[in-house]
Amino acid sequence: FFLGVWHNFVLGVASFMVLFLLPAILFPFYYTGVGALVTEVAEDSPAKRPRGLFVGDLVTNLQDCPVYNVEDWNSCLGDISEKSQVGYCVSAATLQQLSFPARVYRRLDGTVECCSNNSLTDICFSYSNKLDSHLYACLPARKVIEASKVCRTNMDCHKDFVPSFCVTPSLENQTRLIRVKHPPHIDMLYVGHPMHLQYTVSLSSFVPRQNFLSIDLPVVIETFCKYLISLSGALAVINAVPCFALDGQWILNSFLEATLSSVIVEKQNRELVGFLILLAGSALLAANVALGLWMVTAR
(Lines give C-alpha, C1' and ligand atoms only; values in the text may rest on other atoms or scores of the structure.)
Protein backbone atom coordinates (compact mmCIF):
# COMPACT_ATOMS: atom_id res chain seq x y z
CA PHE A 1 0.00 0.00 0.00
CA PHE A 2 2.91 2.35 0.75
CA LEU A 3 4.86 1.47 -2.40
CA GLY A 4 3.56 4.35 -4.57
CA VAL A 5 4.23 6.92 -1.85
CA TRP A 6 7.72 5.50 -1.30
CA HIS A 7 8.62 5.70 -5.00
CA ASN A 8 7.39 9.30 -5.23
CA PHE A 9 9.45 10.18 -2.16
CA VAL A 10 12.62 8.53 -3.54
CA LEU A 11 12.17 10.22 -6.93
CA GLY A 12 11.77 13.60 -5.25
CA VAL A 13 14.88 13.09 -3.09
CA ALA A 14 16.92 11.94 -6.11
CA SER A 15 15.83 15.01 -8.09
CA PHE A 16 16.77 17.25 -5.16
CA MET A 17 20.23 15.69 -4.98
CA VAL A 18 20.77 16.19 -8.72
CA LEU A 19 19.65 19.82 -8.39
CA PHE A 20 21.92 20.39 -5.38
CA LEU A 21 24.95 18.74 -7.04
CA LEU A 22 24.33 20.20 -10.50
CA PRO A 23 27.26 22.69 -10.34
CA ALA A 24 29.63 19.78 -9.58
CA ILE A 25 28.04 17.51 -12.20
CA LEU A 26 28.35 20.15 -14.95
CA PHE A 27 31.73 21.49 -13.75
CA PRO A 28 33.71 20.02 -16.71
CA PHE A 29 31.45 21.89 -19.14
CA TYR A 30 30.13 24.95 -17.22
CA TYR A 31 31.53 27.15 -14.48
CA THR A 32 29.60 29.14 -11.88
CA GLY A 33 30.13 32.00 -9.44
CA VAL A 34 31.21 34.59 -12.03
CA GLY A 35 27.89 36.26 -12.75
CA ALA A 36 24.39 35.71 -14.13
CA LEU A 37 24.25 34.74 -17.82
CA VAL A 38 21.37 36.23 -19.84
CA THR A 39 19.47 33.42 -21.60
CA GLU A 40 16.41 35.34 -22.82
CA VAL A 41 15.12 38.92 -22.99
CA ALA A 42 11.38 39.34 -23.56
CA GLU A 43 10.33 41.37 -26.59
CA ASP A 44 8.49 43.90 -24.41
CA SER A 45 11.32 44.13 -21.88
CA PRO A 46 12.70 47.61 -21.06
CA ALA A 47 16.14 45.97 -21.27
CA LYS A 48 15.71 45.15 -24.98
CA ARG A 49 17.40 48.28 -26.29
CA PRO A 50 20.55 49.04 -28.35
CA ARG A 51 22.43 49.59 -25.07
CA GLY A 52 20.45 47.00 -23.15
CA LEU A 53 20.97 43.31 -22.41
CA PHE A 54 21.40 40.56 -25.00
CA VAL A 55 21.46 36.76 -24.86
CA GLY A 56 24.94 35.68 -23.79
CA ASP A 57 25.72 38.79 -21.73
CA LEU A 58 27.18 38.17 -18.27
CA VAL A 59 25.77 40.47 -15.57
CA THR A 60 28.28 41.11 -12.77
CA ASN A 61 26.79 44.07 -10.83
CA LEU A 62 23.53 45.86 -10.15
CA GLN A 63 24.50 49.30 -8.82
CA ASP A 64 27.10 48.50 -6.13
CA CYS A 65 25.57 45.04 -5.49
CA PRO A 66 27.76 42.20 -6.86
CA VAL A 67 26.03 39.46 -8.86
CA TYR A 68 27.60 35.98 -8.83
CA ASN A 69 24.51 33.95 -9.74
CA VAL A 70 20.77 34.17 -10.39
CA GLU A 71 20.01 34.23 -6.66
CA ASP A 72 22.19 37.33 -6.27
CA TRP A 73 20.41 38.98 -9.20
CA ASN A 74 17.00 38.45 -7.56
CA SER A 75 18.31 39.48 -4.14
CA CYS A 76 19.92 42.68 -5.46
CA LEU A 77 16.77 43.68 -7.33
CA GLY A 78 14.73 43.05 -4.19
CA ASP A 79 17.03 45.26 -2.11
CA ILE A 80 16.99 48.01 -4.75
CA SER A 81 13.18 47.87 -4.83
CA GLU A 82 12.82 48.08 -1.04
CA LYS A 83 15.48 50.71 -0.34
CA SER A 84 15.51 54.34 -1.42
CA GLN A 85 17.26 55.41 -4.62
CA VAL A 86 21.04 55.73 -4.26
CA GLY A 87 22.87 58.87 -5.33
CA TYR A 88 26.12 59.60 -7.13
CA CYS A 89 29.02 61.81 -6.12
CA VAL A 90 29.51 64.75 -8.47
CA SER A 91 31.98 67.58 -7.94
CA ALA A 92 30.64 71.12 -7.75
CA ALA A 93 32.57 72.10 -10.89
CA THR A 94 31.17 69.16 -12.87
CA LEU A 95 27.67 69.86 -11.60
CA GLN A 96 27.90 73.46 -12.75
CA GLN A 97 29.29 72.42 -16.12
CA LEU A 98 26.69 69.74 -16.91
CA SER A 99 23.53 71.32 -15.55
CA PHE A 100 21.40 73.73 -17.50
CA PRO A 101 18.40 75.89 -16.49
CA ALA A 102 15.11 74.02 -16.46
CA ARG A 103 11.60 74.54 -15.15
CA VAL A 104 10.82 72.64 -11.95
CA TYR A 105 7.35 71.19 -11.40
CA ARG A 106 5.77 68.53 -9.22
CA ARG A 107 4.26 65.30 -10.47
CA LEU A 108 0.93 63.96 -9.24
CA ASP A 109 2.67 61.70 -6.70
CA GLY A 110 4.55 64.65 -5.17
CA THR A 111 7.94 63.96 -6.75
CA VAL A 112 9.77 66.68 -8.67
CA GLU A 113 10.62 66.82 -12.38
CA CYS A 114 13.04 69.37 -13.80
CA CYS A 115 13.80 68.03 -17.29
CA SER A 116 11.31 69.46 -19.76
CA ASN A 117 13.10 68.81 -23.05
CA ASN A 118 11.71 65.25 -23.53
CA SER A 119 15.26 63.92 -23.67
CA LEU A 120 15.91 60.19 -23.31
CA THR A 121 19.40 60.83 -21.92
CA ASP A 122 18.76 63.50 -19.26
CA ILE A 123 17.34 62.88 -15.79
CA CYS A 124 16.32 65.27 -13.04
CA PHE A 125 18.65 64.99 -10.02
CA SER A 126 18.12 66.43 -6.55
CA TYR A 127 20.84 67.50 -4.15
CA SER A 128 21.44 69.78 -1.19
CA ASN A 129 24.08 72.22 -0.03
CA LYS A 130 24.68 74.08 3.21
CA LEU A 131 22.20 76.81 2.32
CA ASP A 132 19.40 74.94 0.57
CA SER A 133 18.30 71.31 1.02
CA HIS A 134 16.08 71.17 -2.09
CA LEU A 135 18.03 71.87 -5.24
CA TYR A 136 17.38 70.26 -8.60
CA ALA A 137 19.39 69.96 -11.81
CA CYS A 138 18.70 68.33 -15.16
CA LEU A 139 21.82 66.31 -15.98
CA PRO A 140 22.93 63.78 -18.61
CA ALA A 141 22.53 60.51 -16.75
CA ARG A 142 25.42 58.56 -18.27
CA LYS A 143 27.98 61.34 -17.72
CA VAL A 144 26.88 61.69 -14.09
CA ILE A 145 26.92 57.98 -13.28
CA GLU A 146 30.03 56.77 -15.10
CA ALA A 147 33.17 56.98 -12.96
CA SER A 148 31.06 58.21 -10.02
CA LYS A 149 30.97 56.84 -6.51
CA VAL A 150 27.66 55.64 -5.08
CA CYS A 151 26.47 57.68 -2.08
CA ARG A 152 23.59 58.33 0.27
CA THR A 153 24.57 61.75 1.70
CA ASN A 154 27.08 64.50 0.93
CA MET A 155 29.31 63.11 3.69
CA ASP A 156 29.98 60.05 1.51
CA CYS A 157 31.50 62.28 -1.19
CA HIS A 158 34.13 64.16 0.79
CA LYS A 159 37.44 63.31 -0.84
CA ASP A 160 40.69 65.21 -1.44
CA PHE A 161 39.01 68.42 -0.25
CA VAL A 162 37.15 68.73 -3.56
CA PRO A 163 33.63 70.18 -3.02
CA SER A 164 31.21 67.44 -4.08
CA PHE A 165 27.51 66.74 -3.81
CA CYS A 166 25.50 63.54 -3.63
CA VAL A 167 22.98 63.92 -6.47
CA THR A 168 20.00 61.56 -6.40
CA PRO A 169 17.67 60.87 -9.34
CA SER A 170 14.29 62.49 -8.76
CA LEU A 171 11.98 59.76 -10.06
CA GLU A 172 8.40 58.68 -9.56
CA ASN A 173 7.52 56.42 -6.64
CA GLN A 174 8.76 52.81 -7.03
CA THR A 175 10.80 53.85 -10.09
CA ARG A 176 14.56 53.36 -9.86
CA LEU A 177 17.62 54.24 -11.90
CA ILE A 178 19.69 51.04 -11.99
CA ARG A 179 23.17 50.67 -13.38
CA VAL A 180 23.66 47.16 -14.79
CA LYS A 181 27.25 46.09 -15.48
CA HIS A 182 27.75 43.42 -18.14
CA PRO A 183 31.38 43.70 -19.33
CA PRO A 184 32.88 44.13 -21.82
CA HIS A 185 29.78 46.04 -23.00
CA ILE A 186 28.92 49.55 -21.89
CA ASP A 187 26.81 49.65 -18.71
CA MET A 188 23.05 49.56 -19.16
CA LEU A 189 21.15 52.38 -17.44
CA TYR A 190 17.66 51.19 -16.62
CA VAL A 191 14.86 53.52 -15.47
CA GLY A 192 11.70 51.78 -14.25
CA HIS A 193 10.35 49.37 -11.66
CA PRO A 194 12.98 46.78 -10.63
CA MET A 195 10.42 43.95 -10.84
CA HIS A 196 9.81 44.66 -14.54
CA LEU A 197 13.49 43.97 -15.12
CA GLN A 198 13.31 40.80 -13.05
CA TYR A 199 10.26 39.37 -14.83
CA THR A 200 11.35 40.11 -18.41
CA VAL A 201 14.98 38.93 -18.28
CA SER A 202 15.80 35.22 -17.84
CA LEU A 203 19.23 34.26 -16.54
CA SER A 204 21.35 31.25 -15.65
CA SER A 205 24.13 30.75 -13.11
CA PHE A 206 25.98 28.40 -15.49
CA VAL A 207 28.46 29.85 -18.00
CA PRO A 208 29.63 27.52 -20.83
CA ARG A 209 33.36 26.82 -20.97
CA GLN A 210 33.17 26.39 -24.76
CA ASN A 211 31.17 28.38 -27.29
CA PHE A 212 29.51 25.29 -28.80
CA LEU A 213 27.86 24.35 -25.48
CA SER A 214 24.21 25.30 -25.08
CA ILE A 215 23.39 28.03 -22.55
CA ASP A 216 19.89 26.54 -22.13
CA LEU A 217 20.89 23.00 -21.11
CA PRO A 218 21.52 23.75 -17.39
CA VAL A 219 18.26 25.70 -17.24
CA VAL A 220 16.37 22.75 -18.76
CA ILE A 221 17.90 20.34 -16.23
CA GLU A 222 17.17 22.70 -13.32
CA THR A 223 13.55 23.18 -14.41
CA PHE A 224 13.05 19.45 -14.95
CA CYS A 225 14.39 18.63 -11.46
CA LYS A 226 12.24 21.33 -9.84
CA TYR A 227 9.11 19.98 -11.52
CA LEU A 228 9.98 16.43 -10.46
CA ILE A 229 10.47 17.57 -6.86
CA SER A 230 7.18 19.47 -6.85
CA LEU A 231 5.07 16.81 -8.56
CA SER A 232 6.56 13.76 -6.84
CA GLY A 233 6.54 15.47 -3.46
CA ALA A 234 2.93 16.54 -3.90
CA LEU A 235 1.86 13.05 -5.00
CA ALA A 236 3.67 11.49 -2.03
CA VAL A 237 1.96 13.81 0.45
CA ILE A 238 -1.52 13.53 -1.11
CA ASN A 239 -1.41 9.74 -1.41
CA ALA A 240 -0.27 9.41 2.21
CA VAL A 241 -3.20 11.47 3.52
CA PRO A 242 -5.86 9.24 5.14
CA CYS A 243 -8.55 10.00 2.58
CA PHE A 244 -11.19 7.92 0.81
CA ALA A 245 -10.05 6.26 -2.45
CA LEU A 246 -6.38 7.15 -1.94
CA ASP A 247 -3.49 4.94 -0.81
CA GLY A 248 -3.80 6.57 2.60
CA GLN A 249 -7.12 4.77 3.17
CA TRP A 250 -5.55 1.32 2.89
CA ILE A 251 -2.40 2.37 4.75
CA LEU A 252 -4.57 3.61 7.63
CA ASN A 253 -6.65 0.42 7.72
CA SER A 254 -3.53 -1.75 7.84
CA PHE A 255 -1.96 0.49 10.51
CA LEU A 256 -5.06 0.31 12.72
CA GLU A 257 -5.26 -3.46 12.34
CA ALA A 258 -1.60 -3.80 13.33
CA THR A 259 -1.72 -1.47 16.35
CA LEU A 260 -5.26 -1.44 17.74
CA SER A 261 -6.21 -5.12 17.54
CA SER A 262 -5.27 -5.70 21.18
CA VAL A 263 -6.74 -2.40 22.41
CA ILE A 264 -10.01 -2.33 20.46
CA VAL A 265 -11.07 -5.94 20.18
CA GLU A 266 -14.27 -5.40 18.19
CA LYS A 267 -13.47 -5.04 14.46
CA GLN A 268 -16.56 -2.90 13.99
CA ASN A 269 -15.23 -0.36 16.49
CA ARG A 270 -11.85 -0.27 14.75
CA GLU A 271 -13.57 0.36 11.45
CA LEU A 272 -15.52 3.22 13.06
CA VAL A 273 -12.28 4.82 14.27
CA GLY A 274 -10.80 4.42 10.79
CA PHE A 275 -13.93 5.90 9.21
CA LEU A 276 -13.77 9.00 11.42
CA ILE A 277 -10.08 9.52 10.62
CA LEU A 278 -10.77 9.08 6.91
CA LEU A 279 -13.64 11.54 7.13
CA ALA A 280 -11.39 14.15 8.78
CA GLY A 281 -8.60 13.56 6.24
CA SER A 282 -11.02 13.82 3.31
CA ALA A 283 -12.46 17.06 4.70
CA LEU A 284 -8.94 18.48 5.15
CA LEU A 285 -7.95 17.57 1.58
CA ALA A 286 -11.19 19.00 0.15
CA ALA A 287 -10.69 22.23 2.13
CA ASN A 288 -7.15 22.61 0.74
CA VAL A 289 -8.35 22.05 -2.83
CA ALA A 290 -11.17 24.56 -2.37
CA LEU A 291 -8.76 27.10 -0.85
CA GLY A 292 -6.32 26.65 -3.73
CA LEU A 293 -9.05 27.14 -6.33
CA TRP A 294 -10.31 30.22 -4.52
CA MET A 295 -6.82 31.76 -4.38
CA VAL A 296 -6.35 31.17 -8.12
CA THR A 297 -9.73 32.55 -9.14
CA ALA A 298 -9.52 35.49 -6.71
CA ARG A 299 -6.52 36.87 -8.62
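Listed values, structure above:
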read-out	value
Formal net charge of residues neighbouring Leu171 (Cβ-Cβ distance under 12 Å; K, R +1; D, E -1)	-1
Sequence-separation-based contact order of the stretch 86-170, relative, with Cα cut under 8 Å and 6+ spacing, percent	44 percent
Residues of the chain: accessible area per residue with a 1.4 Å probe, Å²	61 Å²
Unit charges on C-beta of K, R, D, E only; dipole of the chain, Debye	720 debye
In Å², nearest 10: area of His196 left accessible to a 1.4 Å probe	100 Å²
13 Å beta-carbon shell around Glu71, net charge (K/R +1, D/E -1)	-3
Carbon and sulfur %, accessible surface of the stretch 241-298 computed with the full protein complex present, 1.4 Å	73 percent
Positive-end residue of Gln268, Val219, Ala236, charge dipole of the chain with Cβ unit charges	Val219
Which of Asp79, Asp122 is most accessible, then next, and so on - probe 1.4 Å	Asp79, Asp122
Sites Cys65 and Val220 - FRET efficiency at Förster radius 30 Å, r taken between beta-carbons, to 0.05	0.60
Computed E for Arg51/Leu291 - FRET, C-beta separation, R0 41 angstrom, nearest 0.05	0.30
Cross-link reach list, aspartates and glutamates versus Lys143, counting only Cα pairs under 13 Å and skipping chain neighbours closer than eight places	Asp122, Asp187
Too-long pairs where the Cα-Cα distance tops 32 Å, listed order kept, from Lys48/Lys159; Lys48/Lys226; Lys48/Lys83	Lys48/Lys159
Span-like helix ranges in the chain, DSSP H, alpha carbon extent 15 angstrom or more, Kyte mean at least 1.6	3-20
Sequence of Leu62, Leu108, Leu284, Leu279 from largest to smallest accessible area, 1.4 Å probe	Leu108, Leu284, Leu279, Leu62
Summed side-chain charge close to Lys181 - residues other than Lys181 whose Cβ falls under 13 Å, Lys, Arg +1, Asp, Glu -1	-3
Estimated FRET transfer efficiency (Ile186, His134; beta-carbon r; R0 35 Å; 0.05)	0.60
Sequence of Met195, Met295, Met155, Met188 when ordered by accessible area, the most exposed leading, probe 1.4 angstrom	Met155, Met295, Met195, Met188
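The values are calculated or read from the model by the stated rules, or taken from the named source; none is laboratory data. Treat the numbers as computed from the prediction; the structure is a model and nothing was measured. For neighbour counting, all protein chains shown are included, and Cβ atoms are generated from backbone atoms with ideal geometry for every residue, glycine included. Surface areas here come from the heavy atoms of the whole protein model, side chains and all, with no ligands, DNA or RNA. Shrake-Rupley method; radii C 1.70, N 1.55, O 1.52, S 1.80 Å.
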